[in-house]
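Right, one structure below, let's go through it.
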Amino acid sequence: MSAISRHDPLDLDRLSSLGRRDFLRALATTGALASAGGLLEACSGSSSLSAGKSTAPGTSGKPKPGGDLKAGLTGGSGSDTLDPHKALTYLDSARAQCLYQPLLQLNAAGQTEFVLAEDISPHGSTAEWVISLRRGITFQDGKPLTADDVIFTLRRIITEKLPGSTPLGPVDVNGLKALDSHTVLVPMTSPYGSFIDQLSYWYFLNIVPVGFNPNKPNGTGPFKYQSFTPGQRSVFVKNPNYWRRGLPYVDSITIIDFSDSVSLQNALTTGVIEAAGALEGPQIAVLKTTSGVQTVVSRSGAFTPFTMRVDQAPFNDVNVRQALRLLVNRPQLINSALNGDGFVASDVFSPYDPDFDSALHRSQDIAQAKFLLKKAGQEKLAVQLVTSPVAASAVAMATVLQQQAKAAGVTINLKTVDTTTFLGPNYLHWTFAQDFYTYSPYLAQVAQSMLPTSPFNETHWSLPRYVSLYHQANVTANAAVRREIKREMQLIDFNEGAYIIPAFIDALDAYSTKITGYSAAKAGVPLSNLDFEHFSFV
């Protein structure tokens, strides 16, 4: 899900007061952004952890119970929510991760692990599944977690058509049945071989109690609700009855919404917060050499796609879509917009899926881009790109794309809107825009954004052949057959799709050396997969 032209010539004296989008825009408009990666790299120190290395969580020192942890993120708005099934931003997800838990999720290593469930298995065939819950778990109000709560949650998500409904696919709502107090029978309207992968897209699948009222948060998570002010901050206190013995370590956590990553950086260095998530390259470069700070660079499968609506001109012509993909110099974009914090992508997502086709590769080809534009009758193509600071470096990526497009005679006019506007009524309706996603297995990502029924289908993609292949992949129980189907789908993504995915983007976080318990997170979710229960003071 998801995830900029204000200032004139670069004035170094005022950069410290600029917000994230202004800082990057100022660099971009003066040409400084193109060299920022090299300049900042020269300033880099060694106080960092990387997902490419095997590292122990956090800094040295044993966890010490107690203390009030303060963490910061950007990208929130007045539409922030406490409803775990309606989260849109990292801040929404952070609140949900404190209060609620799913049946299973991807851990920091990008692997599926059970949480509230102890097992999820086919019952005879993939047309029926059985969910076995852990015992001894209670909600924060003391009510035991039971099969009825799982059934209530699944029905709420599906019947209200909430964002988690698509991964639940063919779940037969009326046939859901409690076999006993901790076992749920989940019948399907058709075989569903990828059910586990689909559930690993856990962001919208947290379990809530029967009769759940989002205005009175009550989950099984490590923290209990205390207060919440949309667009500003949330306070949660330790859940004394948490089922994971000895956790969480801290007495409370305050999640603060910052307007930009520069102010987020300043809050960390001045001790206002102890954890800063989803930073950008310029901040990380400075923080690497800052005393009392530990930076964490996670090589993740997260991506910020440029999204082209296939039902709107000029993007209803595949020649135009392919031309725009071919005009991108991907290594240059990574070095300039992301300060080198990412690796090359070729417009296909889910790089850590075991069935990902790494043979698909796309490089810049200006001559071919011009040829395709001429074929489409769009030699002097001019388009508007809507961009917003909904994700780290989104504005910088848009600015670099704008510059690179000129080589093919394409004019991209940037329209900068704030986060509230971007995620408002026009979200998912922009003709040419951006969005952001953390890593998910391939079919789970398809369910979220590539089907006519997907909750985040920004491109309005609805190719019948693609949809048919998706359903075939879910029906088959044969892993080898499913792999070939997924490979065919990826080839369609590559040759006809409506995402420009130039890079898989590193997650950039930083922490005070006063705390420990964090690690690199391959899934791309900030702040160590929002794993606050393991954070502690030392």
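In order along the range 130-147, the phi-based Karplus estimate (6.51 cos²θ - 1.76 cosθ + 1.60, θ = phi - 60°) of 3J(HN,Hα) comes to 10, 9, 9, 8, 5, 9, x, 9, 10, 6, 5, 8, x, 6, x, 6, 9, 4 Hz; Gly and Pro are listed as x. Full extension of the chain between residue 363 and residue 112 gives 87.1 nm of extra length, using 0.36 nm per residue less the Cα-Cα distance. From helices alone, the chain scores -8000 deg cm²/dmol at 222 nm; the rule is -39500 (n - 2.57) for each run of n ≥ 4 DSSP H residues, then divide by the residue total. Using r as the Cβ-Cβ distance of residue 64 and residue 263, and R0 as 41 Å, what FRET efficiency do you calculate, to the nearest 0.05? That gives a FRET efficiency of 0.90. By DSSP, the beta bridges lying fully in the chain are antiparallel in about 75 percent of cases.
Going down the list 70/238; 288/514; 86/177, which pairs span over 19 Å between their C-alpha atoms? In this structure, 86/177 exceed 19 Å between Cα atoms. Taking +1 at the Cβ of each Lys and Arg and -1 at the Cβ of each Asp and Glu, which of 199, 173, 220 sits farthest along the dipole of the range 166-272 towards its positive end, judged by Cα position relative to the Cα centre? It is 220. Using only side-chain charges placed at the Cβ, +1 for Lys and Arg and -1 for Asp and Glu, the dipole size of the range 101-204 relative to its Cα centre rounds to 180 debye.
For residue 340, the residues 5 or more places off, or on other chains, whose built amide H falls under 5 Å of its own are 335.
Each peptide in 387-393, 76-82 was scored by the mean count of other Cβ atoms within 10 Å over its residues; highest first, the order is 387-393, 76-82. When only the Cβ of Lys, Arg, Asp and Glu is charged (+1, +1, -1, -1), the dipole of the chain relative to its Cα centre reaches about 280 debye. For the chain, the calculated P(r) over all alpha carbon pairs, in 10 Å bins from 0 to the bin holding the longest distance, is 4, 19, 29, 27, 16, 5, 1 percent. Given axes a ≥ b ≥ c from the Cα gyration tensor, I'd like to know whether the range 101-204 is rounded (a/c under 1.5), prolate (a/b larger than b/c) or oblate. Rounded, since a/c falls under 1.5.
No lab work stands behind these numbers, since they all come straight from the coordinates. Remember, it's a predicted structure, so these values are computed and weren't measured experimentally. Every residue, glycine as well, gets a Cβ built from its backbone with ideal geometry; the counts of neighbours run over all protein chains shown.
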